[in-house]
1. Kindly evaluate B:GLY156 against the criterion of being at pLDDT 95 or above, small (Gly, Ala, Ser), in contact with an Asp or Glu (Cβ under 6 Å, 6 or more places away or on another chain) and under 30 Å from B:GLU206 (Cα atoms).
2. Mind listing whichever residues of segment B:169-178 are more than 12 Å from chain A (Cβ to nearest Cβ) and open to solvent by 10 Å² or more (accessible area, probe 1.4 Å)?
3. Can you pull out the residues in segment B:202-236 that are of a type in the set (Ser, Thr, Tyr), buried (at least 19 other Cβ atoms within 10 Å of the Cβ) and under 18 Å from B:TYR129 (Cβ atoms)?
4. Can you name every residue in segment B:144-158 that is touching a His at 6+ places or on another chain (Cβ under 7 Å) and within 15 Å of B:PHE117 (Cα to Cα)?
5. Residues to consider are A:GLY151, A:GLY120, A:GLY110, A:GLY142; find the one that is within 10 Å of chain B (Cβ to nearest Cβ), under 18 Å from the mean Cα position of the chain (by Cα) and at positive phi.
6. Tally up the residues in segment A:179-200 that are within 18 Å of A:VAL137 (Cα to Cα), open to solvent by 10 Å² or more (accessible area, probe 1.4 Å) and either facing chain B (nearest Cβ under 7 Å) or of a type in the set (Phe, Trp, Tyr) (or both), please.
7. Hey, does segment A:130-137 have a residue that's within 12 Å of chain B (Cβ to nearest Cβ), over 15 Å from the mean Cα position of the chain (by Cα) and not small (Gly, Ala, Ser)?
8. Counting only residues that are more than 21 Å from A:ASN185 (Cβ to Cβ) and charged (D, E, K, R), which one in segment B:201-230 is farthest from the other protein chains (Cβ to nearest Cβ)?
There are 2 protein chains.
Amino acid sequence: MLGRCAARALGALRGLREGAPPARSPGPSRRLLSSEKVSEKDHSLPKPCWSKDMRLLFDQFMKKCEDGSWIHLPSYEDIATQRSQDFSTFIHAYFPTASEQINKEKLSQGRIFTRSFEDGLGFEYVMFYNDAEKRIVCVFQGGPHLQGMPGFFHGGAIATMIDATVGMNAIVSGGIVMTANLNINFKRPIPLCSIVLINSQLDKIEGRKLLVSCNVQSVDEKILYTEATSLFIKLNPEKEFHIKELVLNSAPPA
Amino acid sequence: MLGRCAARALGALRGLREGAPPARSPGPSRRLLSSEKVSEKDHSLPKPCWSKDMRLLFDQFMKKCEDGSWIHLPSYEDIATQRSQDFSTFIHAYFPTASEQINKEKLSQGRIFTRSFEDGLGFEYVMFYNDAEKRIVCVFQGGPHLQGMPGFFHGGAIATMIDATVGMNAIVSGGIVMTANLNINFKRPIPLCSIVLINSQLDKIEGRKLLVSCNVQSVDEKILYTEATSLFIKLNPEKEFHIKELVLNSAPPA
């Protein structure tokens with residue numbers, strides 16, 4: 001289940017999918033409605049809390065973006081004051097029963113799970129997309145608040161970054177999707193505060209089903225920590241255009 | 001991959017496993033070394049951020065604890081200043097290569113992932129264990145910072161609570177374990193800030209393997225949101241006693 005940041009990155013990719021030259025530098029690509037307030041911080045750009053290795057990997061991938069084969073995916077914070085009318089429409093369209101259960105007051109405090117930590121304490125990551133190969137690589141630096149077993153990441157934190165990465169791969173390949181299955185094999189525990197590479201790959205599209213696999217490796221690719229497969233379902237294609245417009249319109253200003 | 005809070009709950013359960021009468025009220029059960037500083041807040045007890053429904057469910061389950069058939073599992077915050085020597089020993093015993101990669105400074109800031117949010121914004125939960133049936137029920141109230149798709153929980157947040165619940169079931173049944181596989185079917189999205197029940201069940205023990213399944217349901221049990229199976233591996237039994245002692249000794253004071 002993916003959020004607005006993913007939808008915004010999809011917005012950034014729209015130029016590519018419509019045949020325009022790929023973006024060569026990170027940055028937002030869409031206009032906000034004048035009434036909206038968003039945080040414009042792009043979390044996928046280097047921050048002081050990024051380690052030297054994280055920064056190095058970022059620079060290496062940005063180099064690969066120069067010829068257009070790879071694309072940097074920006075990642076904005078969630079809109080603090082969410083447009084409840086748009087969300088009601090979105091929710092009602094697909095989940096009429098669920099929409100009755102949404103607590104509107106709480107919804108206004110909603111923040112994307114993977115961006116709800118203070119800098120450096122939780123999920124620090126940046127994703128790069130290769131359209132020809134239908135791959136996404138996520139460079140992930142996990143913070144000390146993601147601990148499970150003492151000294152290691154919590155399995156749920158790894159599952160979260162896997163879901164975010166394979167989900168983004170499914171979104172850029174298939175539009176608005178939902179996670180239907182996530183099957184994760186934890187092969188080795190990942191030391192707390194490590195930097196790892198999450199390599200995801202679109203394997204197959206069968207009608208409304210998208211199959212995406214991934215692995216989690218050490219930066220030097222010598223240690224395979226985790227492997228996963230996933231199944232995503234495209235939401236009803238008849239409704240998709242409308243939903244895409246709703247979500248994409250909330251991307252940050254150019 | 002489970003943390004110290006789980007290990008502490010295991011400490012609380014030790015009396016039961018050794019034939020002592022089951023605990024009838026929540027509360028810490030072990031002594032700290034005098035040099036340790038911990039937060040003694042038990043997050044599994046009612047807080048102002050708990051909704052009326054969450055509180056009602058807590059009271060219902062506490063009633064069930066009165067005859068000893070169910071046991072309330074306490075959940076303490078992580079120790080802020082971790083005993084690095086103990087952790088080094090723990091880590092080195094099972095993962096000698098990984099132990100070299102642990103950043104000791106970062107480790108001292110380690111916090112259990114599911115308890116690293118401010119009250120009410122992230123994971124609010126309480127678990128109850130039925131020893132005869134080898135079941136755990138987790139009452140979970142997710143906060144607004146766990147958002148994925150607008151208005152719904154992030155799949156990673158659901159995966160995290162599933163891992164925590166099935167993992168606790170594996171720990172109380174098998175001692176110190178690690179998640180080897182987690183296979184999750186997301187059937188319906190869960191509205192943000194919902195309260196749900198996570199019902200887990202130990203299905204089988206085969207040597208060092210423990211199979212645990214679970215589902216996530218609405219409080220009235222009318223909506224099945226998610227189903228999952230999991231596989232846990234007991235860590236080397238020869239080393240287990242030593243590790244148990246190390247971890248259990250850090251439980252909070254009586």
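The values are calculated or read from the model by the stated rules, or taken from the named source; none is laboratory data. What you see is a predicted model; the values in this text were computed from it and never measured. No Cβ is skipped: glycine too gets one built from the backbone with ideal geometry, and neighbour counts run over all protein chains shown. Side chains included, ligands, DNA and RNA excluded: accessible areas come from the protein's heavy atoms. Shrake-Rupley method; radii C 1.70, N 1.55, O 1.52, S 1.80 Å.
1. On the way: at pLDDT 95 or above: yes; small (Gly, Ala, Ser): yes; in contact with an Asp or Glu (Cβ under 6 Å, 6 or more places away or on another chain): yes; under 30 Å from B:GLU206 (Cα atoms): yes.
So B:GLY156 passes the test.
2. Step one: list which residues in segment B:169-178 are more than 12 Å from chain A (Cβ to nearest Cβ), which gives B:169, B:172-175.
Across segment B:169-178, the qualifying residue is only B:SER173.
3. Taking segment B:202-236 first, the residues of a type in the set (Ser, Thr, Tyr) are B:213, B:218, B:225-226, B:229-230.
Right, trim to buried (at least 19 other Cβ atoms within 10 Å of the Cβ) and you get B:225-226, B:230.
The one that is of a type in the set (Ser, Thr, Tyr), buried (at least 19 other Cβ atoms within 10 Å of the Cβ) and under 18 Å from B:TYR129 (Cβ atoms): B:SER230.
4. Residues of segment B:144-158 that are touching a His at 6+ places or on another chain (Cβ under 7 Å), as a first pass: B:146-148.
Those that are touching a His at 6+ places or on another chain (Cβ under 7 Å) and within 15 Å of B:PHE117 (Cα to Cα): B:LEU146, B:GLN147.
5. Details: A:GLY151 fails: under 18 Å from the mean Cα position of the chain (by Cα); A:GLY110 fails: at positive phi; A:GLY142 fails: at positive phi.
Matching residue, one of A:GLY151, A:GLY120, A:GLY110, A:GLY142: A:GLY120.
6. Counting residues in segment A:179-200 that are within 18 Å of A:VAL137 (Cα to Cα), open to solvent by 10 Å² or more (accessible area, probe 1.4 Å) and either facing chain B (nearest Cβ under 7 Å) or of a type in the set (Phe, Trp, Tyr) (or both) gives 1.
7. no
8. So the first thing to find is which residues in segment B:201-230 are more than 21 Å from A:ASN185 (Cβ to Cβ), and the list is B:201, B:215-225.
The next check asks that each one be charged (D, E, K, R); those that pass are B:220-222.
Working: B:ASP220: 11, B:GLU221: 15, B:LYS222: 10 Å.
It comes out as B:GLU221.
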